[in-house]
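What follows is one structure encoded as structure tokens, with my remarks underneath.
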Amino acid sequence: MNNITRRNTLQLISAGLIAGASYSMLPRKAAAAGSITVLNWQGYGTDEAWSIKAFQEKTGIEVVHDYYSSEAEMLTKLRTNPGSYDLVVLNAARCAQAMAEDLLAPIDFAKVPNISSVAANLKSNENFNKEGKGYAVPWVWGLTSLALREGLPAADSYAVLGDPAYKNRVALMDDAVISIATGALLTGQDMNNPTDLAVIGEKLKSWKSNVKLLWSTEDQWNKSFAAKEFDVSLFWSGGSVRSKRVSKLPVDFVVPKEGGIGWVDGLGIPATAPNMEGALAFANWLIDPAFYVEWATKAGAPASSNTAAMDALPADDLSRVIHKPEYVETMSIMSALPDDRREAFNNLWQEVKAFYAE
């Protein structure tokens, strides 16, 4: 998924915010003193200046950061810098890879009291667990689904992308994994491991007369939607929040009966972390409802894994309206793809795009 979905955009709108929240369930100073080093995307929640200041005042723990620009780089940093990091933000799919390489330590959930209200199916996701142990604290989630111009008939299926009523009025994401996942869900297959790529290819090709645009960035999507180039699209949940809140665009975000294409980011502790106690305290802070409400309402954030945090948002907050609790239960979460499967997805998508261009 394009990183602007939930990370880079946040950097542009999060600077300079001041928080007055009272944070709950945090250890007092001296409970885990010292400093921790967090490895994350820059501008993605963990490095909010107001948050770091408040956390240090509560716990005595200093938070410093190192950043990566891709998930592959993140794994390389974990492999080649033992003892350098205490907490790492990683997607569920990459968490599975890190677990397989023994790069992460099991989480002592007794020291993360806010885990009690984290959605059970996120905590139990197979990408976060191995041999009965959890290796990440689920942090935030989002999904790709359908975005329609306000006022259009409600859509209950991805089949709307091929509806003749929307000839030349559909935009698809120029992303092989998302495109194949959509075709897989629509044809009743596992989106992470479909068994019949040919059927998916035929389904995607059948939308040719409808497809007006293949988009790749949120900015491109917003500008094209504002120019009324299309009416129906695959889009990110977080993007739809920003499109409505910031760009004032008339977007309805819909999750059809096939379910959304979901992602989850977790908080992992490297196996060589020098301050695991401090890392656990910060992980607990990051899923605290008080931190999340401040982050989400002032800066903009993905959905919290903590159901109590989502419930604490104002009832009309767009993040709460769009990220409905039932979507956590119905979405299919993206998993790590073997190289050969990813290559097959890419090859099929190139074939479909060539067909569109004919």
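Quick look at the values:
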quantity: Those GluC sites (Glu not before Pro) in the range 69-111 that DSSP places in a loop and that have at most 13 other beta carbons within 10 Å; calculated: 101
quantity: Under 5 Å, built H, 5+ apart or other chain: amide partners of residue 34; calculated: 62
quantity: Size of charge dipole - the chain - debye, nearest 20, with Cβ of Lys, Arg +1 and Asp, Glu -1, no other charges; calculated: 680
quantity: For the range 122-175, convex hull volume per residue from C-alpha positions, Å³; calculated: 145
quantity: Stretch gain in nm, segment residue 358-residue 70, where the contour uses 0.36 nm per residue and the Cα spacing is subtracted; calculated: 100.3 nm
quantity: Binned Cα-Cα distance frequencies in the chain - 20 Å width, integer %; calculated: 30, 56, 13, 0
quantity: Rel. contact order, % - alpha carbon contacts under 8 angstrom, at least six apart, the chain; calculated: 28
quantity: Amide H within-cut-off set for residue 258, under 5 Å, with H built and near neighbours excluded; calculated: 158
quantity: Highest average packing first - 128-137, 109-118, Cβ atoms within 10 Å; calculated: 128-137, 109-118
quantity: Interchain or long-range residues, amide H under 5 Å from residue 130's placed H; calculated: 135
quantity: Full-extension gain in nm, residue 165 to residue 79, via 0.36 nm per residue minus C-alpha separation; calculated: 25.8 nm
quantity: For the chain, share of DSSP beta bridges that run antiparallel, in % to the nearest 5; calculated: 60
quantity: Prolate/oblate/rounded call for the range 251-294, Cα gyration tensor, a/c under 1.5 rounded; calculated: oblate
quantity: Approximate spin-label separation residue 246-residue 154, in nm, with each point projected 7 Å along Cα-to-Cβ; calculated: 3.0
quantity: Point-to-point label distance, residue 126-residue 229, nm (Cα→Cβ direction, 7 Å offset); calculated: 3.9
quantity: Shape category assigned to the range 220-358 from the gyration tensor of Cα positions, a/c cut at 1.5; calculated: oblate
quantity: Positive-end residue of 261, 273, 246, charge dipole of the range 244-283 with Cβ unit charges; calculated: 246
quantity: Expected-Rg normalisation [2.2 N^0.38 Å, Cα atoms] applied to the range 306-345; calculated: 1.77
quantity: Computed Rg/Rh of the range 96-202, alpha carbon atoms with Kirkwood Rh; calculated: 1.10
quantity: Cα radius of gyration and Dmax for the range 70-122 (Å); calculated: 12.6, 35
quantity: Rule-of-thumb Rg ratio for the range 188-271 [Cα; 2.2 N^0.38 Å; N residues]; calculated: 1.37
quantity: The range 311-358: trypsin sites (Lys or Arg not before Pro) in DSSP loop, at most 13 other beta carbons within 10 Å; calculated: none
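Read the figures in this text as sums done on the coordinates, not as results from a lab. Everything quoted here is computed from the prediction, not taken from an experiment. Cβ coordinates were reconstructed from backbone atoms using ideal geometry, including for glycine residues, and neighbour counts include every protein chain displayed.
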